[in-house]
Amino acid sequence: MPSSANRPLHPFLTTARTWTGTWVAQLAAPSAERIDAGDHQILVDHTINPQAHAQPDGHGGWTVTQRGPLPLWGHVEDAIESWQAVGAPHQDHLSITVAGDGQRAWFSDEDGPSWRLPV
């Protein structure tokens, strides 16, 4: 059943707007489209229809509202945190492993944080 939730947003928007941060966000939500609407950031996944809308909360922070079958913005936050935990390497350090069970992108260490790629 679809859900809706408002909560404070992890302060990663500045990082996610860097070139590599944008790549990492896309790895976490490969079928999502990010819409930059000025101060508002919107994520929409057109395959299963979750949505996330981040907006300033008026107190120097952000609030995110998520709707749909999965926490789309939460997946992006988790990916950004995992990337930052390994030192936020530049995209030149991104590697891809292709195996019989699928494709996976990872930074720095094949056993570290990774994301399955759609095939």
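With respect to being among the charged types (D, E, K, R), assigned to a helix (DSSP H, G or I) and out of contact with any helix residue (DSSP H, G or I) (no Cβ under 8 Å at 6 or more places or on another chain), residue 110 falls outside the description.
May I ask you to verify whether residue 97 is assigned to a strand (DSSP E or B), over 13 Å from the mean Cα position of the chain (by Cα) and not basic (Lys, Arg)?
Working: assigned to a strand (DSSP E or B): yes; over 13 Å from the mean Cα position of the chain (by Cα): yes; not basic (Lys, Arg): yes.
Considered against the rule, which asks whether it is assigned to a strand (DSSP E or B), over 13 Å from the mean Cα position of the chain (by Cα) and not basic (Lys, Arg), residue 97 comes out as yes.
Taking the condition of being touching a Lys or Arg at 6+ places or on another chain (Cβ under 9 Å), in a strand (DSSP E or B) and open to solvent by 20 Å² or more (accessible area, probe 1.4 Å), how many residues in the stretch 45-65 meet it? Total satisfying the criteria: 4. Exactly one residue out of 26, 41 is at pLDDT 85 or above and among the polar types (S, T, N, Q), and it is 26.
Look at (1) assigned to a strand (DSSP E or B); (2) in contact (Cβ under 8 Å) with a residue 24 or more places away in the chain; (3) open to solvent by 60 Å² or more (accessible area, probe 1.4 Å) and you find that residue 84 fails only one, number (1). Considering (1) touching a residue at least 24 places away in the same chain (Cβ under 8 Å); (2) closer than 15 Å to residue 26 by Cβ, the lone condition that residue 67 does not fulfil carries the number (2).
The values are calculated or read from the model by the stated rules, or taken from the named source; none is laboratory data. Computed from a predicted structure; not experimentally measured. Backbone-built Cβ (ideal geometry, glycine too); neighbour counts: all protein chains shown. For accessibility, only protein heavy atoms count, side chains too; no ligands or nucleic acids. Shrake-Rupley method; radii C 1.70, N 1.55, O 1.52, S 1.80 Å.
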